[in-house]
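Visitor: Encoded as structure tokens, here's the structure I'll be asking about.
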Amino acid sequence: MADRVTVIGWDGSPLTDAARSALGAATLVAGAAHHLALPEVPPAAERIRLGSVALAARRIAAHRGTAVVVADGDPGFFGVVRTLHGPEFGLEVEVVPAVSSVAQAFARAGMAWEDAEVVVAHRRTLRRAVNVCRAHTKVAVLTSPGAGPAELGLLLGGVHRTFVICEELGTTRERVTVVTSDKAADHAWRDPNVVIVMGGTPTAAPEPAWIAGREPATAARGWALPSATYGADPHEGENDLLRAAQLARTGPRVGDLVWDIGSASGAFATEAARFGAAVIAVDSDPDACARTTATARRFGVQLQIVHGAAPHILEDLPEPDVVRVGGGGAEVVSAVADRRPARIVTHAATRDAAELVGRGLTEHGYDVECALLQSVELDTRAWSEKERTVAFLLCGRLPDRAP
């Protein structure tokens, strides 16, 4: 194992005394091409072009001497420090930090960023990063080859956002460009870059701010709030206890894309968005779409609202992680199952209808759970029954999808 390992953050500024001292004593230096070209790198030192961090870590672990790793920005923020510390290598490192590329990007844009979400986009995580951009009004995306501004713009589709694209920060080739998301695919962008993604309906920030990222308490306390809270039409049959069970079975979370088919007043869609998920609310009734829009604005969440009838309107929607089918029966559930979301929840008013939906989910390879839910609302002044609701709750889980 190397006698000493120092990780140096580089933000384009002159190196500190500590960084120059560590480099001067190095017998092995790992970094990108522009790091290895720094004049402070000893000519006799072994040089490793930093592509795979794991490969470089193995070389460092086997090295006998003093090793230095140079990385852009703050190496402890989505950087190499975590890998080097990991159980596979267990390297003890000293860190010389620098300004993170995210902080630099917001500085170039002249914006505060304590209210921003920060995500990393690789090819395997690109879709989840895009879902965060759908769900939040300010997101910083640390990109990678094949998961850059063009790909972000293409996957956002009909969701309009503004991109501030910061290329090669800290170098002489630094460039900052502002484009709309639909134009990002028209350009070739240089790596590395950071994309600040902004847009959607702004939410009121607390004064003063006290937590980084998404403010967790911008809406009413609690979940599965009474349907009247969302301006529900009493004839639509929305039920807050049924909605609570549906939310529990779908488990919407940050990075997910949720479809809510038959959104009605937007109660389920809004509560799924409050968990941090991206949500597409679909309804064939223009009045329901308008009420869903009003509900989303009142609760300060970002929804994409699509007017149209399922199943045909679903063909052009991006791939979902979880789906609630609020209306349309077995035909719509079958069309949803063709898209292979991890979980599907729906309900039925009769056992025959529940069996039909359940058989369809089973034929599509889903594990099916069905429960008869009965709720009785009491008037606590006289402890008499006010309203009784009975429904069959169905949940399909796809075994080959992540939980």
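Visitor: If R₀ is 30 angstrom, what is the calculated FRET efficiency for the pair R298 and E377, using the beta carbon separation as r and rounding to 0.05?
Guide: 0.80
Visitor: Do any GluC sites (Glu not before Pro) in the stretch 72-116 lie in a loop, going by DSSP, with at most 13 other beta-carbon atoms within 10 Å of their beta carbon, and if so which?
Guide: Here the GluC sites (Glu not before Pro) that fit, given the DSSP loop and packing criteria, are E88, E92, E114.
Visitor: Any chance you could give the angle, 0 to 90 degrees and rounded to 10, that helix 240-250 forms with the longest Cα principal axis of the chain?
Guide: It works out to around 40 degrees.
Visitor: Continuing with the same structure: Where does each of 295-308, 356-369 land if you order them by average Cβ count within 10 Å, highest first?
Guide: Taking the mean over residues of other Cβ atoms within 10 Å, the ranking is 295-308, 356-369.
Visitor: Before I look further, what does the chain give for accessible area per residue, probe 1.4 Å, in whole square angstrom?
Guide: 48 Å²
Visitor: Calculate the FRET efficiency for A220 and E369 from the Cβ-Cβ distance with a Förster distance of 35 Å, rounded to the nearest 0.05.
Guide: Working: r = 29 Å, r/R0 = 0.84.
Using R0 = 35 Å, I get an efficiency of 0.75.
Visitor: Once the piece of chain linking D400 and A18 is laid out straight, how much longer is it, given 0.36 nm per residue of separation minus the C-alpha distance between them?
Guide: That works out to 132.5 nm of additional length.
Visitor: What nm value, rounded to one decimal, do you get for the distance between L36 and W210 when each label is placed 7 Å out toward the C-beta?
Guide: 5.0 nm
Visitor: Could you give the dipole magnitude of the stretch 252-393 about its Cα centre, charging the beta-carbon of Lys and Arg +1 and that of Asp and Glu -1, in debye to the nearest 20?
Guide: 480 debye
Visitor: Testing the spin-label approximation: label points 7 Å from Cα along Cα→Cβ at E315 and E46. State their distance in nm.
Guide: 5.9 nm
Visitor: Over the chain, what is the relative contact order in percent, taking alpha-carbon pairs closer than 8 angstrom and at least six residues apart?
Guide: Computed over the chain, the figure is 11 percent.
Visitor: Please get the size of the charge dipole for the chain, origin at its Cα centre, with Cβ charges of +1 on Lys and Arg and -1 on Asp and Glu, quoted in debye to the nearest 20.
Guide: Here the chain has a charge dipole of around 820 debye.
Visitor: Sum up the charges of everything whose Cβ sits under 9 Å from the Cβ of G199, counting Lys and Arg as +1 and Asp and Glu as -1, but leave G199 out.
Guide: +2
Visitor: Next question. Let me have the 222 nm mean residue ellipticity of the chain computed from DSSP H runs of 4+ only, each contributing -39500 (n - 2.57), with the sum over all residues rounded to the nearest 500.
Guide: Taking each H run of at least 4 residues, the total per residue is -8000 deg cm²/dmol.
Visitor: Quick one: Cα centre-to-centre distance for the stretch 69-98 and the stretch 286-358, in angstrom?
Guide: 44 Å
Visitor: Let me cross-check R175: its accessible surface, 1.4 Å probe, with only protein heavy atoms counted, in Å² to the nearest 10?
Guide: Looks like 90 Å² after rounding.
Visitor: Could you please state how large a percent of the accessible area of the chain is carbon and sulfur, counting protein chains only and using a 1.4 Å probe?
Guide: On the chain, the fraction of accessible area on carbon and sulfur atoms equals 53 percent.
Visitor: With +1 assigned to the C-beta of every Lys and Arg and -1 to the C-beta of every Asp and Glu, and no other charges, what is the dipole magnitude of the stretch 1-111 about the Cα centre in debye, to the nearest 20?
Guide: Magnitude of the dipole: close to 260 debye.
Visitor: Hey, another quick one. Along the charge dipole of the chain, Cβ charges K/R +1 and D/E -1, which of A26, P192, V120 sits furthest on the positive end?
Guide: My answer, from the dipole projection, is A26.
Visitor: When only DSSP loop residues count, what trypsin sites (Lys or Arg not before Pro) in the stretch 36-114 have their Cβ near at most 12 other Cβ atoms within 10 Å?
Guide: Answer by residue number: R64.
Visitor: Looking only at the stretch 81-185, where both bridge partners belong to it, what percent of the DSSP beta bridges are antiparallel (to the nearest 5)?
Guide: Of those bridges, close to 65 percent are antiparallel.
Visitor: FRET efficiency for R123 and K386, Cβ-Cβ distance as r, R0 = 51 Å, nearest 0.05?
Guide: Details: r = 54 Å, r/R0 = 1.05.
Step by step, r from the Cβ atoms, then E = 0.40.
Visitor: A further question on this structure: Taking the Cα-to-Cβ direction at M111 and at D186 and moving 7 Å from each Cα, how far apart do the two end points lie in nm?
Guide: 2.1 nm
The values are calculated or read from the model by the stated rules, or taken from the named source; none is laboratory data. Keep in mind that this is a model prediction, so the values were computed, not measured. Here the Cβ is made from the backbone with ideal geometry for all residues, glycine too, and neighbour counts use every protein chain on show. Only protein heavy atoms, including side chains, enter the accessible area calculation; ligands, DNA and RNA are left aside. Shrake-Rupley method; radii C 1.70, N 1.55, O 1.52, S 1.80 Å.
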